[in-house]
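> A single structure is presented below for examination.
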């Protein structure tokens, strides 16, 4: 089946803007899953005084629409303040591309979610979150749904790799059903800590693997 892509979509697909990864980014996020067909990673650097996005890059796994929307989102967000960037909608992204086939509209939603999650990551790390809810096990589990299991391409919760979550006095311990010597154990541990550590009332995160 062929989809009627606009010339703008094809242009951003063939020559995507701001592709790549920002090392030591001020904020970053991953949305989607390669096993489900589409995934996007967004990285941002922010001017501390003006709170403007000084640099933004993305990495995409998926279809032409996914790549094109990731590209247009970075162009729309660059130079804007965090508050301005948070107001960018999926419809704005789609309109800026000259429209998307209805069956591909979810791609623009995914890109916007990636941008907003990267901003949230920055704000949490810098104590800028206005509504600070006390962390619960459910909140930790929701964060772990954004950690991919490289073996399957799905998240750790969906693949039932999280054996236990302990939360007490600001410390979190996550037990993962994977041998500690497994090739993906280290990267999983780093990503788990990265997702949970920014929570305002968490002081320590530990990850244990089953023997």
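> For region 128-151, enumerate the residues that are more than 16 Å from residue 29 (Cβ to Cβ) and over 18 Å from the mean Cα position of the chain (by Cα).
Within region 128-151, 130, 131, 132, 133, 134, 135, 136, 137, 138, 151 qualify.
Conditions tested, residue by residue: (1) out of contact with any helix residue (DSSP H, G or I) (no Cβ under 9 Å at 6 or more places or on another chain); (2) under 26 Å from residue 164 (Cβ atoms).
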site	(1), (2)
114	no, no
119	no, no
124	yes, yes
135	no, yes
141	yes, yes
145	yes, yes
148	no, yes
152	no, yes
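> Being touching a strand residue (DSSP E or B) at 6+ places or on another chain (Cβ under 9 Å) and touching a residue at least 40 places away in the same chain (Cβ under 8 Å) is the filter here, so list the residues in region 76-111 that pass it.
78, 82, 106, 107, 110, 111
> So, one more: Report, ordered by the first and then the second residue, all pairs with beta carbons closer than 8 Å, sequence separation of six or more or different chains, a first member in region 158-174 that is free of Cβ contacts under 8 Å to residues at least 40 places away in the same chain, and a second member that is in a strand (DSSP E or B) and exposed (fewer than 13 other Cβ atoms within 10 Å of the Cβ).
170/204; 171/204; 172/204; 173/164; 174/164
> State yes or no: is residue 205 over 18 Å from residue 39 (Cβ atoms) and either surrounded by 19 or more Cβ atoms within 10 Å (Cβ to Cβ) or outside the structural domain of residue 43 (by TED's automatic domain parsing) (or both)?
So residue 205 passes the test.
> While we're looking at this one, here's another question. All but one of (1) under 14 Å from the mean Cα position of the chain (by Cα); (2) free of Cβ contacts under 8 Å to residues at least 12 places away in the same chain hold for residue 61, so report the exception by its number.
The failed condition is (2).
> Here's another thing I want to ask about it. Could you say whether any residue in region 135-150 is assigned to a loop (DSSP other than H, G, I, E, B), surrounded by fewer than 17 Cβ atoms within 10 Å (Cβ to Cβ) and touching a residue at least 40 places away in the same chain (Cβ under 8 Å)?
no
> So how many residues does region 160-198 have that are part of a helix (DSSP H, G or I) and over 19 Å from the mean Cα position of the chain (by Cα)?
Of the residues in that region, 2 qualify.
The values are calculated or read from the model by the stated rules, or taken from the named source; none is laboratory data. What you see is a predicted model; the values in this text were computed from it and never measured. Here Cβ is always computed from backbone atoms with ideal geometry, including for glycine, and neighbour counts include all displayed protein chains.
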